[in-house]
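Down below is the structure, laid out as structure tokens.
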Amino acid sequence: MDWVGVDPLHQVVTRDEAMDFIPWLSVRWQSSPPDSGHYLWWDDKGLALKSAAIDARSSVHVDFLHGAQARRVKAVTGEALTRAMGCQKGLRPSIIDMTAGLGGDCSVLANVGCEIVAMEKHPVVAALLRDALRRAADADTTWCENVQFRHADSVERVSGVSHGVIYLDPMFPKERRAAPSLTMQVLHSLEQTTDHPERLLEAALDSDAARVVVKRPIKADFLGGRVPSSQIKAKTIRFDLYPKRKLTIDDCERFQGMVDA
Ligand SMILES: C[S@@+](CC[C@H](N)C(=O)[O-])C[C@H]1O[C@@H](n2cnc3c(N)ncnc32)[C@H](O)[C@@H]1O
């Protein structure tokens with residue numbers, strides 16, 4: 001499918017270079033925004049997604065260098081997410097993030113020293129994240145070295161996983177927020193990508209990962225009715241833990257090969 005792209009600064013050279021990182025995305029560039037639908041926006045801050053139906057000043061743009069996500073990455077010490085993964089002194093498990101989304105969780109985990117393979121199925125979400133990783137790497141952000149990104153359906157890629165942790169954060173139900181942000185509105189409008197989230201859990205549990213972790217809204221049912229062995233709770237969300245064995249130093253090895261198929 002062709003996506004509409006708008007490049008008001010006509011930075012074709014830098015835009016073309018950036019598009020080399022996201023070869024899966026087919027874009028029809030034009031000079032002004034369309035009257036309807038979602039469209040891509042390219043400017044000196046990189047790639048963003050906008051919606052003609054929503055205030056043009058709003059956009060979905062991933063930025064690991066400035067703003068809220070940059071602060072979150074820097075601030076993390078012992079948040080529930082890192083504890084759920086089994087991070088402790090001397091142990092930083094390698095992680096497959098089956099639902100990378102806009103990279104919020106995977107950047108935090110990479111920054112504390114976990115090796116991550118981050119997979120995102122939706123072409124535009126994947127492109128926004130890939131472009132943000134490119135910009136962060138260009139700015140010498142060291143945690144980027146811990147992230148291997150794949151635009152892929154993770155259900156098809158995890159069967160060969162033999163160590164580490166598999167993490168999944170499927171889309172929360174729509175009712176969760178009364179006034180969702182543009183980011184959530186756009187992600188929800190792409191919801192077909194999260195059909196049958198229990199498939200993600202089945203695939204993860206079928207692998208030989210040492211532990212599977214699922215993020216859920218605090219009051220939600222267990223995903224696929226699978227009862228976890230334990231939970232780590234935060235204010236509005238919780239992590240359901242499905243351990244297969246104790247994590248050891250062998251679970252910290254970088255993933256090789258099996259996700260590339
Ligand atoms: C709630 S978001 C994840 C948010 C992410 N944890 C973060 O911190 O930004 C869920 C994402 O999972 C992606 N997804 C769903 N099923 C997938 C699959 N089978 N393979 C890869 N990505 C998938 C969706 O496209 C969506 O972007």
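The values are calculated or read from the model by the stated rules, or taken from the named source; none is laboratory data. Note that the coordinates shown come from a computational prediction; the quantities given were computed from them, not determined experimentally. Methodologically, a virtual Cβ is constructed for each residue, glycine included, from the backbone with ideal geometry; neighbour enumeration extends over all protein chains shown.
Go through the stretch 124-154 and give me each residue that's within 13 Å of the chain's Cα centre (by Cα) and more than 24 Å from L201 (Cα to Cα). Spell out how you get there, then give the answer.
Kept after step one, since they are within 13 Å of the chain's Cα centre (by Cα), are these residues of the stretch 124-154: 124-133, 147-154.
Those that are within 13 Å of the chain's Cα centre (by Cα) and more than 24 Å from L201 (Cα to Cα): A127, L128, R130, D131, A132, L133.
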Could you say whether any residue in the stretch 5-17 is on the phi > 0 side of the Ramachandran plot and surrounded by fewer than 14 Cβ atoms within 10 Å (Cβ to Cβ)?
yes
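If we scan the stretch 25-45, do we find a residue that is of a type in the set (G, A, S), crowded, with 18+ Cβ neighbours inside 10 Å, modelled with pLDDT of 90 or more and not in a loop (DSSP other than H, G, I, E, B)?
Here is the first cut: in the stretch 25-45, the ones of a type in the set (G, A, S) are 26, 31-32, 36-37.
Filter once more, keeping what is crowded, with 18+ Cβ neighbours inside 10 Å: none.
No.
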In the stretch 109-124, anything more than 11 Å from the ligand (Cβ to nearest atom) and part of a loop (DSSP other than H, G, I, E, B) is listed as V112, G113, C114, E115
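Against the condition of a type in the set (D, E, K, R) and surrounded by fewer than 17 Cβ atoms within 10 Å (Cβ to Cβ), how does D105 come out, does it pass?
Taking the combined requirement at face value, the residue does not satisfy it.
Would you say P8 is touching a Ser or Thr at 6+ places or on another chain (Cβ under 9 Å), farther than 29 Å from G113 by Cα and of a type outside the set (S, T, N, Q)?
Values: touching a Ser or Thr at 6+ places or on another chain (Cβ under 9 Å): yes; farther than 29 Å from G113 by Cα: yes; of a type outside the set (S, T, N, Q): yes.
Criteria met by P8.
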So, of the residues in the stretch 117-147 that are among the charged types (D, E, K, R) and in contact (Cβ under 8 Å) with a residue 40 or more places away in the chain, which turns out to be surrounded by the most Cβ atoms within 10 Å (Cβ to Cβ)?
R130
Scan A48, A18 and give me the residue that is within 23 Å of M119 (Cα to Cα) and part of a helix (DSSP H, G or I).
A18
Under the condition of being farther than 21 Å from A203 by Cα and in a loop (DSSP other than H, G, I, E, B), which residue from the stretch 215-252 is farthest from the chain's Cα centre (by Cα)?
T248
